[in-house]
Amino acid sequence: MTDTELDLCSVTPSIGQIDDILKSRLDGGELSDKDVAMLLASENDDECRARIMRAAQDMRTHNFGTLIYLYGFVYYSTYCKNDCSFCYYRRSNTELPRYRKSIDETVEVAKRLAESGVNLIDLTMGEDPKFLDDPEALPALITKVKLATGLPIMVSPGLLDSKGIDQLAANGADWYALYQETYDKQRFEGLRIDQSAAKRLLAKRHAATSGLLIEEGLLCGLGESHEELLRSLQALRLIDAAQVRVMTFVPQSGTPLAHLPATTARRETLLIAIMRLMFPDRLIPASLDVEGLSGLRARLDAGANVVTSLIPPDSGLAGVANASADITNGYRTVAGVSETLEEAGLEAATPLDYVRWLEVAKWKRS
Ligand code: SAM
Ligand code: MD0
Ligand code: SF4
């Protein structure tokens with residue numbers, strides 16, 4: 001990072017400077033790291049933010065029209081051998097009811113999600129030794145969900161070795177989701193305790209060579225500086241993730257970070273808009289797992305084009321960042337989000353719309 005970029009991260013730009021950056025980008029110009037630094041620095045200027053959001057929406061429309069993709073989410077095991085400081089499911093948290101769904105139970109939930117109209121099934125778990133130590137478990141789960149739903153599958157099982165990743169692809173998975181949270185070494189070590197950032201990066205790189213699409217994710221709201229965010233965004237340019245996300249940290253009881261203040265989604269929505277301007281053709285989630293349905297419109301207005309973490313109301317399943325928000329009331333469903341999509345002038349994609357996008361995304365990376 002150059003000194004100029006560093007300086008630009010902390011000096012609020014003028015509206016004219018932001019207008020110039022956005023006009024150039026929408027006219028097909030590059031978005032330099034200096035431009036990104038200035039977009040970050042405008043975080044607290046409402047007029048600049050409004051223009052950035054508008055430009056991000058225009059960029060999404062140019063690349064995706066009004067289509068919004070919908071991801072059903074099955075967190076099938078809340079057991080985990082890791083101790084991430086931010087996570088409710090960390091192994092040493094004794095405050096939560098752990099559960100582990102059987103393959104048949106998971107397939108049943110996936111079928112209900114498919115019948116509700118989602119475009120993809122997201123199979124997520126803690127790094128549960130019961131699944132990770134049995135080489136047949138994950139492949140069997142993926143195969144059965146694929147056969148039962150016929151939908152594309154994203155798998156978020158945590159860190160797998162190369163053989164395990166190859167098995168995902170061989171058994172019908174389309175995506176491997178594994179997030180760095182941050183590209184700042186010290187912060188990573190404080191978040192993903194005793195875990196290797198390099199191994200997570202190498203796993204994603206191997207997944208890409210196995211024909212899987214990869215999703216990368218950042219966490220925000222942990223007191224990170226604009227400089228740190230710029231470094232993480234610069235790193236996203238280097239890994240070809242077809243889906244990139246950012247989520248606001250949600251403090252969890254029973255964890256070392258429980259005392260941290262919950263922050264608003266202002267930083268997350270700015271980052272979503274910047275990601276849209278940096279990566280116009282990527283999928284960018286508006287996760288329901290941070291603020292539930294009430295946070296959806298702001299994320300869509302920032303240029304997100306995927307609604308994630310749709311969970312059937314009476315499935316006994318939890319979320320990750322927000323284990324319960326809007327699950328039992330049925331708001332985290334295709335029907336539950338439809339009004340918000342309509343109000344935003346957007347529409348739910350059909351499964352065929354999604355498969356068409358997916359095939360092009362895979363072809364571009366083949
Ligand atoms: N165990 C797998 C793993 O860690 O990769 C998958 C579980 S889930 C997809 C993990 C992700 O959820 C984390 O990488 C983080 O981005 C997000 N997450 C977990 N706890 C969170 C919290 N308290 N607030 C916000 N995001 C959180
Ligand atoms: C979400 N809680 O989309 C889910 C999770 C994992 N692929 C997805 C982070 O918000
Ligand atoms: Fe386990 Fe994933 Fe939570 Fe870390 S983020 S504690 S690996 S479930």
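Numbers at a glance
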quantity	calculated
Positions within segment 3-44 being of a type in the set (Ser, Thr, Tyr) and either loosely packed, with under 15 Cβ neighbours inside 10 Å or closer than 14 Å to residue 231 by Cα (or both), in sequence order	4, 10, 12, 14, 24, 32
Where a residue in segment 307-336 is more than 18 Å from residue 70 (Cβ to Cβ) and its partner, wherever it lies, is surrounded by fewer than 18 Cβ atoms within 10 Å (Cβ to Cβ) and polar (S, T, N, Q), with Cβ under 7 Å and at least six apart	318/324
Selection within segment 157-172 - more than 16 Å from ligand 3 (Cβ to nearest atom) and open to solvent by 10 Å² or more (accessible area, probe 1.4 Å)	162, 163, 166, 167, 169, 170, 171, 172
Unique match (being over 20 Å from the mean Cα position of the chain (by Cα) and over 29 Å from residue 351 (Cα atoms)) among 146, 81	81
Residues within segment 160-177 that are within 11 Å of residue 206 (Cβ to Cβ) and part of a loop (DSSP other than H, G, I, E, B), tallied	2
Within segment 78-122, considering residues that are among the polar types (S, T, N, Q) and farther than 27 Å from residue 260 by Cα, the one surrounded by the most Cβ atoms within 10 Å (Cβ to Cβ)	119
Those residues of segment 183-228 which are in a loop (DSSP other than H, G, I, E, B) and within 16 Å of ligand 3 (Cβ to nearest atom), in sequence order	192, 193, 194, 195, 196, 221, 222
Residue 316 vs. criteria assigned to a helix (DSSP H, G or I) and surrounded by fewer than 24 Cβ atoms within 10 Å (Cβ to Cβ)	no
Unmet criterion (only one of (1) open to solvent by less than 20 Å² (accessible area, probe 1.4 Å); (2) assigned to a helix (DSSP H, G or I); (3) away from ligand 2 (no atom under 15 Å from the Cβ)) for residue 142	(3)
Hits in segment 145-156 - residues which are hydrophobic (A, V, I, L, M, F, W, C), under 9 Å from residue 107 (Cα atoms) and either part of a loop (DSSP other than H, G, I, E, B) or open to solvent by 20 Å² or more (accessible area, probe 1.4 Å) (or both)	148
1 or more residues closer than 30 Å to residue 193 by Cβ: qualifying helices (runs of 4 or more DSSP H) within segment 1-117	3-10, 33-41, 103-116
Residues of segment 310-366 classified as within 16 Å of ligand 1 (Cβ to nearest atom) and farther than 12 Å from residue 289 by Cα, total	1
Check on residue 103, away from ligand 3 (no atom under 16 Å from the Cβ), in the same structural domain as residue 360 (by TED's automatic domain parsing) and in contact with a Gly (Cβ under 7 Å, 6 or more places away or on another chain)	no
Set 242, 207, 177: member being within 12 Å of ligand 1 (Cβ to nearest atom) and open to solvent by less than 10 Å² (accessible area, probe 1.4 Å)	177
Check on residue 8, at pLDDT below 95, outside the structural domain of residue 146 (by TED's automatic domain parsing) and either under 30 Å from residue 350 (Cα atoms) or touching a Lys or Arg at 6+ places or on another chain (Cβ under 9 Å) (or both)	yes
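The values are calculated or read from the model by the stated rules, or taken from the named source; none is laboratory data. Values in this document were obtained by computation on a predicted structure and should not be read as measured data. Because the Cβ atoms are built from the backbone with ideal geometry, glycine has one as well, and the counts that use them run over all protein chains shown. Surface areas here come from the heavy atoms of the whole protein model, side chains and all, with no ligands, DNA or RNA. Shrake-Rupley method; radii C 1.70, N 1.55, O 1.52, S 1.80 Å.
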